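Take a look at the structure below.
Here, each number is a calculation from the coordinates, and none is a lab measurement. The model shown is predicted, which means the values in this text are computed figures rather than measured ones. All Cβ positions, glycine included, derive from the backbone under ideal geometry; neighbour counts span all protein chains shown.
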Amino acid sequence: MESKFPNRWFPLLVLLPTLIVCGVFLYYPVAQSFSWSLLRSAFMGLRTLYVGPQNYVRLFTSSAYLRSLWVSVLFAGGVVIFGLTFSLAIALLPTERYVERASIGPPSSGRTPSPQLWRGRSGYSCSIRRPVS
């Protein structure tokens, strides 16, 4: 199969800015935060002590954190369920069965193509023919 790019390194050269931005603003801060999470530091970070996963053990055995995590999971699940239900309800409104109830105009306006609506309002014509002068 023949390549569509002029040479082998061109796709990597095109991706290089994206990889640099992701590395600087996404991957480096995540790695730095993880490395700092393994340390215990004094006020203003003057002294640091490596404690390893002890911080994570203390975090996941804390009842306050577990309660907060559970509330966050319930909130996120509720937002997703409510959002999907509401979006589905909005998406079902313009279907053929609900056009008469949901539309403000006459029942046929739901089935009118949009070029015909624009033609009447702005004088814009969608046809290929030139107007007769």
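For every other residue with a beta carbon closer than 14 angstrom to the beta carbon of GLY52, add +1 if it is Lys or Arg and -1 if Asp or Glu, then tell me the sum.
Local charge sum for GLY52: +2.
Take the alpha carbon gyration tensor of the range 9-61, find the square roots of its eigenvalues, order them as a ≥ b ≥ c, and report rounded if a/c is under 1.5; if not, report prolate when a/b exceeds b/c, else oblate. Note, shape of the range 9-61 comes out prolate. Potential lengthening of the chain between TYR50 and LEU88 amounts to 8.6 nm, from the contour at 0.36 nm per residue minus the alpha-carbon distance.
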